[in-house]
Amino acid sequence: MNRKKIVAGNWKMNGSRSENAPLIEGIQSADGVTVIVAPPFVYLSEVWDALSGTPGVELAAQNCHAEASGAYTGEVSPQMLKDVGCTWVILGHSERREYQQENSDLLLAKTKAALAAGLKVIFCCGEPLEIRDADQQNDHIAQQLRETVLTLPEADWNQLVIAYEPIWAIGTGRTATAEQAQDMHAHIRKTIADALGTTVADQVRILYGGSAKPSNAPELFAQPDVDGGLIGGAALKAADFNGIIEAAKTTSK
Ligand code: PGA
């Protein structure tokens, strides 16, 4: 199955106009892969002004609200994100699950709202270290998916990408081994196949996230069920992000 690889840069709460400039300038044409950039809300428009002409590059937000509009002070709707050039939104990131108490019900509501607004969704899942140490990661991830995206109809799945991000690997410098990533991605694909059939499971992209960098990306991306990466820290350095994009291109050939 030939799934086009994705490299998505999640800037998290980082950046400034002066820091963003070299990152934006550093992003080259995607050439056979999809490159997604996810800056903080306030920079979405100006990042997109600079990047919208670059082939294969798309814009993502890091969050959205579940309603289209209304009295929700401080919130941003999926329709607004679409309006300023986003085609994607990242939902279910472990930092939002932990710090903003986003649970499966809320994440499912947000996912439905985003899809209804015409956004595509990068839906994150991942286990904490104690679950990995207890060897319960497969059940944990299947449960996270069953409570959320696996309830969605088959037709929604061409707008969905899954990101597997083991929490113990995020920002820690401790990457999952290529074997650990492949095992989990295969498990995720099988879980999707069991729920929705192999047509859906075979086409869905599953990204790896957690201390991915130019040195480990080639081996991770060479795994048969790893379809690219969701990149945090390394997306904040133009050379590193480009190195990871290069790895995606090389492993796509
Ligand atoms: P990291 O973050 O690459 O800095 O580990 C990945 C993520 O949280 O998306």
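Computed with a 1.4 Å probe over protein heavy atoms only, the accessible area of F241 comes to about 10 Å².
Given C-alpha coordinates of the chain, what is the ratio Rg to Rh with the Kirkwood estimate of Rh?
Values: Rg = 16.8 Å, Rh = 18.0 Å.
Dividing the radius of gyration by the Kirkwood radius yields 0.93.
Can you tell me which of S18, S77, S94 moves the most in a GNM of the chain? Springs connect C-alpha atoms under 10 Å apart. Between S18, S77, S94, it is S18 that shows the largest mean-square fluctuation. Database remark: amide H of A163 closer than 5 angstrom to the amide H of F123, C124, C125, L207 (H placed geometrically; neighbours at sequence offset of 5 or more, or on other chains; Pro and chain starts carry no H).
Apply the a/c threshold of 1.5 to the C-alpha gyration tensor of region 84-132 and tell me whether it is rounded, prolate or oblate. Let's see the in-between values first.
Details: a/c = 2.52, a/b = 2.07, b/c = 1.22.
Taking the square roots of the gyration eigenvalues as a ≥ b ≥ c, region 84-132 is prolate.
Distances between placed amide hydrogens fall under 5 Å for I90 paired with A61, Q62, N63, I122, all partners being 5 or more residues away or on another chain. Atom-type composition of the exposed protein surface of the chain places 49 percent of the accessible area on carbon and sulfur (1.4 angstrom probe). Taking only the alpha carbons of region 142-253, we obtain Rg and Dmax values of 14.1, 40 Å in that order. When region 198-253 is described by a simple charge dipole with +1 on each Lys and Arg Cβ and -1 on each Asp and Glu Cβ, the residue from G209, T199, G233 located farthest towards its positive end is G233. Per residue, the chain reaches -11500 deg cm²/dmol at 222 nm when only DSSP H runs of four or more residues are counted, each adding -39500 (n - 2.57). Averaging the sequence gap over all C-alpha pairs within less than 8 Å and six or more residues apart, then dividing by the number of residues, gives the chain a relative contact order of 22 percent. Once a ≥ b ≥ c are taken as the square roots of the eigenvalues of the Cα gyration tensor of region 1-91, is the result rounded (a/c under 1.5), prolate (a/b larger than b/c) or oblate (a/b not larger than b/c)? It is oblate, given that a/c is not under 1.5 and a/b is not larger than b/c.
Where is the GNM fluctuation largest for the chain (alpha-carbon springs, 10 angstrom cutoff): R205, R189, R96? Looking only at R205, R189, R96, the biggest GNM fluctuation is shown by R96. Ligands, DNA and RNA are left out, and with a 1.4 angstrom probe the accessible area of the chain is 44 Å² per residue. Only Cα pairs within less than 10 Å get springs; with that Gaussian network setup on the chain, which residue of V226, V37, V84 has the largest fluctuation? Highest fluctuation of the listed residues: V84.
Just how large is the dipole of the chain about the Cα centre, in debye to the nearest 20, putting +1 at every Lys and Arg Cβ and -1 at every Asp and Glu Cβ?
Details: 21 positive and 31 negative charges, 94 e Å.
The dipole of the chain has a size of about 460 debye.
The values are calculated or read from the model by the stated rules, or taken from the named source; none is laboratory data. Predicted model only: the values in this text are computed from it and were never measured. With ideal geometry, Cβ positions are generated from the backbone for all residues, glycine too; neighbour counts draw on all protein chains shown. Just the protein is used for accessible areas: all its heavy atoms, side chains included, with ligands, DNA and RNA removed. Shrake-Rupley method; radii C 1.70, N 1.55, O 1.52, S 1.80 Å.
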